[in-house]
Every structure is written in structure tokens, then in C-alpha cells.
Amino acid sequence: GDKKAFRPATPYGVQQMLVRSGIETKGAHAVIVGRSNIVGKPMANLLIQQGPGGDATVTVCHSRTRDLPAVTRTADILIAAIGKAEFVTVDMVREGAVVIDVGINRVDDASQPRGYRLVGDVAYAPLAEKASWITPVPGGVGPMTIAMLMQNTLQAWQQIEGRR
């Protein structure tokens, strides 16, 4: 039978979030901060392919990018996946940009029962004022990742059933 490849769950979840929220990727400049094999690179691949949730112009940035804030400020869609707590600050994002926070970082916080809180790769509060659209941490990309893992599981089962 026709075997479709599984999509990487987190990037696919981000793409589905964009599509289902009516955020236009076609012709948009998407800037990804982070070049990991799990998120950064596959995210770039999904966004440049043709079709819904694709057709974007993509720049992938990383720790060696020269003048990172100048690059991130050109983004229509900024995807933060660098693994550093609140790394993307308000000066790095232009007014009205779409900001997607893939990061999950533990930050010590004595006021919390567990002694820590979860924050993303983006300084959420100040950016929420400036961005046209922003994902929270926790509760944004994480649940989408789980949904896409379930989608992949269903697809795997359908492929096995199809061979019977």
C-alpha cells in the first residue's frame, strides 16, 4: 500500500496551529530561532513546501547568527525553539508579528508550590502587547505536539489495517 511518511510532531503541530488559526504563511517571512533536528530544521522544511501552511520564505537562525535581533525583527512569523528561557525579548520582534513559542524551560520560583515555573523561549508578557498573535507556555505548542503524535499513531494503525 501507499505508505505516507510521518511528520515530526512538534513542527507539524505548529503548522496546523497556523493553518487552523487562519494565519497566512504564503509569501510570509518566517524566522525560526533554533536549528535542532527535532524542531528547527523540520519546521523550515514544512514552511517552505507548497500548499496550506507553506509557501513561506524561511530564515533559520542560531547561536552563531550575526545581529540576531536585526534578523528576527524582519519576521512576519517568529518561531522560537532555542531552549533558553525568555531568550526572545520585546526589542527582537516587530509590531504585529505572529510569535510561536516552542520552548519549555524550568525557572526557579520560590513562590510556586513546586519551587519552579515553566516559561517559554519568549518573554511572554511584554511580547503579548506587541505581537498580533502569540502562543502561551504552558498550553500552546505542547498540546499540539501531543495531538500530532496521536495523529501519527492513528496513521500508523490505518497503514497496518490497510495491509490486512
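The values are calculated or read from the model by the stated rules, or taken from the named source; none is laboratory data. Model, not experiment: these values are computed from the prediction. Every residue, glycine among them, receives a Cβ derived from its backbone with ideal geometry; neighbour counts consider all protein chains shown. Accessible surface is based on the protein model in full, side chains and every heavy atom, while ligands, DNA and RNA are left aside. Shrake-Rupley method; radii C 1.70, N 1.55, O 1.52, S 1.80 Å.
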**Message:** If I ask for residues that are closer than 19 Å to Phe87 by Cβ, in contact with a helix residue (DSSP H, G or I) (Cβ under 8 Å, 6 or more places away or on another chain) and without any contact (Cβ under 8 Å) to a residue 40 or more places away in the chain, which ones from segment 21-42 would you list?
**Reply:** Arg35, Ile38
**Request:** Return the only residue of Asp121, Asp108 being closer than 15 Å to Ala81 by Cβ, charged (D, E, K, R) and modelled with pLDDT of 95 or more.
**Result:** Asp121
**Item:** segment 12-23 - residue that is over 21 Å from Leu68 (Cβ atoms) and not in a loop (DSSP other than H, G, I, E, B) and, of those, most open to solvent (accessible area, probe 1.4 Å)
**Value:** Arg20
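To keep it simple, each residue is scored yes or no on (1) crowded, with 19+ Cβ neighbours inside 10 Å; (2) at negative phi.
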| position | (1), (2) |
| --- | --- |
| Thr25 | yes, yes |
| Ser36 | no, yes |
| Lys41 | no, yes |
| Leu46 | yes, yes |
| Asp67 | no, no |
| Arg73 | no, yes |
| Asp76 | yes, yes |
| Ile79 | yes, yes |
| Val90 | no, yes |
**Cβ pairs under 6 Å, 6+ apart, first in segment 139-150 and within 17 Å of Tyr124 (Cβ to Cβ), second part of a loop (DSSP other than H, G, I, E, B)** = Val141/Val102; Val141/Thr135
**Complete:** Going through (1) outside any helix (DSSP H, G or I); (2) under 19 Å from Pro126 (Cβ atoms) one by one, Pro69 fails only at (1)
